[in-house]
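**Student:** One structure follows; several queries about it will come next.
The values are calculated or read from the model by the stated rules, or taken from the named source; none is laboratory data. Treat the numbers as computed from the prediction; the structure is a model and nothing was measured. Using ideal geometry, Cβ is built from the backbone for each residue, glycine included, and neighbour counts are taken over all protein chains shown.
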Amino acid sequence: MGLNGGGYTFLHPSSFPTMSDKHIQEIFTDRTNFLMRTLRTDGRQTVSVLEQLSDFKGHELKLGLNQHDGYQAPINDLGTYLFFGFIPVTKARARTTQGISVNDEPVTFSNCDANGNSHFVLSPNFAEIEPTNTGTTTATCKKFFTLGTQNPSGRMMPQEFFMFAEMHFGGCGCLTTTNTVESSVLATSIGFR
């Protein structure tokens with residue numbers, strides 16, 4: 001995919017059981033941005049470049065397979081997961097303006113209670129476990145998806161690459177999942193390089 005300079009890797013869910021976090025770290029070399037693709041109910045796919053806000057550019061992004069060292073744990077336990085962390089828990093616990101940049105647009109909230117969540121989590125949910133906590137959709141969470149744009153090339157990624165996702169930010173940011181965030185969202189996949 002040529003967006004944002006190209007070179008992004010999107011993992012197929014069937015590859016998760018054969019990989020380790022060590023494998024992920026060997027191919028995760030650009031710790032400045034992720035590329036999110038969202039599958040919509042009408043079959044469209046939108047794309048979003050996810051980056052740190054300018055105040056947090058000094059913190060590398062986190063990617064982990066079944067681990068989230070230095071970050072708050074996912075809420076839902078759906079088995080195997082891919083963790084995309086933004087602000088480390090030691091910094092995210094501050095009562096500051098936090099969030100992420102989506103397609104160069106800051107999406108922010110004020111952390112009201114020093115709860116240190118700052119992540120997206122993808123899960124293939126092989127056992128089809130019902131999520132225990134889907135949170136409530138807020139304007140912050142919706143913007144992660146409404147700021148997505150059409151892929152200029154029109155190329156589509158095969159639907160089997162898309163998965164259930166949990167988004168959790170703050171203290172007063174948002175906690176939601178792809179099955180509740182917005183009626184037009186089916187699933188998502190996040191690429192890294």
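**Student:** Does R40 satisfy being at pLDDT below 95, of a type outside the set (S, T, Y) and closer than 19 Å to T140 by Cα?
**Tutor:** Working: at pLDDT below 95: no; of a type outside the set (S, T, Y): yes; closer than 19 Å to T140 by Cα: yes.
So R40 fails the test.
**Student:** Return the residues of the range 131-164 that are among the hydroxyl-bearing types (S, T, Y) and within 28 Å of G5 (Cβ to Cβ); say none if nothing qualifies. Don't jump to the end; show me each part of the working.
**Tutor:** Of all residues in the range 131-164, those among the hydroxyl-bearing types (S, T, Y) come to 132, 134, 136-138, 140, 146, 149, 153.
The answer is T140, T146, T149, S153.
**Student:** Which one is farthest from C112 (Cα to Cα) among residues in the range 82-94 that are surrounded by fewer than 19 Cβ atoms within 10 Å (Cβ to Cβ) and out of contact with any Gly (no Cβ under 7 Å at 6 or more places or on another chain)?
**Tutor:** Only one residue tops the list, namely T90.
**Student:** Please note which strands (runs of 3 or more DSSP E) are completely contained in the range 80-193 and include at least 3 residues that are under 25 Å from S14 (Cα atoms) and in contact with a Phe, Trp or Tyr (Cβ under 6 Å, 6 or more places away or on another chain).
**Tutor:** Values: elements: 82-85, 97-102, 105-110, 118-123, 164-169, 174-177, 185-191.
Answer list for the range 80-193: 118-123, 185-191.
**Student:** Would you mind telling me which numbered condition in (1) at pLDDT below 95; (2) under 21 Å from N4 (Cβ atoms) L122 fails?
**Tutor:** (1)
**Student:** Right, next: So how many residues does the range 1-59 have that are under 23 Å from T80 (Cβ atoms) and either crowded, with 19+ Cβ neighbours inside 10 Å or of a type outside the set (V, I, T) (or both)?
**Tutor:** Qualifying residue count for the region: 26.
**Student:** What do you reckon, is G79 surrounded by fewer than 17 Cβ atoms within 10 Å (Cβ to Cβ) and free of Cβ contacts under 8 Å to residues at least 12 places away in the same chain?
**Tutor:** Details: surrounded by fewer than 17 Cβ atoms within 10 Å (Cβ to Cβ): yes; free of Cβ contacts under 8 Å to residues at least 12 places away in the same chain: no.
No, not satisfied.
**Student:** Run E130 past the list (1) surrounded by fewer than 16 Cβ atoms within 10 Å (Cβ to Cβ); (2) modelled with pLDDT of 95 or more and report the number of the one that doesn't hold.
**Tutor:** In the conditions (1) surrounded by fewer than 16 Cβ atoms within 10 Å (Cβ to Cβ); (2) modelled with pLDDT of 95 or more, E130 misses (2) alone.
**Student:** Turning to a different aspect of this structure: Inside the range 111-132, can you point out the residues that are within 19 Å of the chain's Cα centre (by Cα) and β-branched (V, I, T)?
**Tutor:** Residues satisfying the conditions are V121, T132.
**Student:** I would also like to ask the following. Within the range 52-61, can one find any residue that is over 19 Å from T149 (Cα atoms), part of a loop (DSSP other than H, G, I, E, B) and of a type in the set (G, A, S)?
**Tutor:** Yes, the range 52-61 contains a residue that is over 19 Å from T149 (Cα atoms), part of a loop (DSSP other than H, G, I, E, B) and of a type in the set (G, A, S).
**Student:** Pick from the range 151-177 the residues that are within 19 Å of L63 (Cβ to Cβ) and touching a residue at least 60 places away in the same chain (Cβ under 8 Å): which of them is surrounded by the most Cβ atoms within 10 Å (Cβ to Cβ)?
**Tutor:** Our first condition is that a residue be within 19 Å of L63 (Cβ to Cβ); within the range 151-177, this holds for 157, 161-169.
Adding the requirement that they be touching a residue at least 60 places away in the same chain (Cβ under 8 Å) leaves 157, 161-164, 166, 168-169.
On the way: M157: 16, F161: 17, F162: 21, M163: 23, F164: 22, E166: 25, H168: 24, F169: 30.
Taking the candidates together, the pick is F169.
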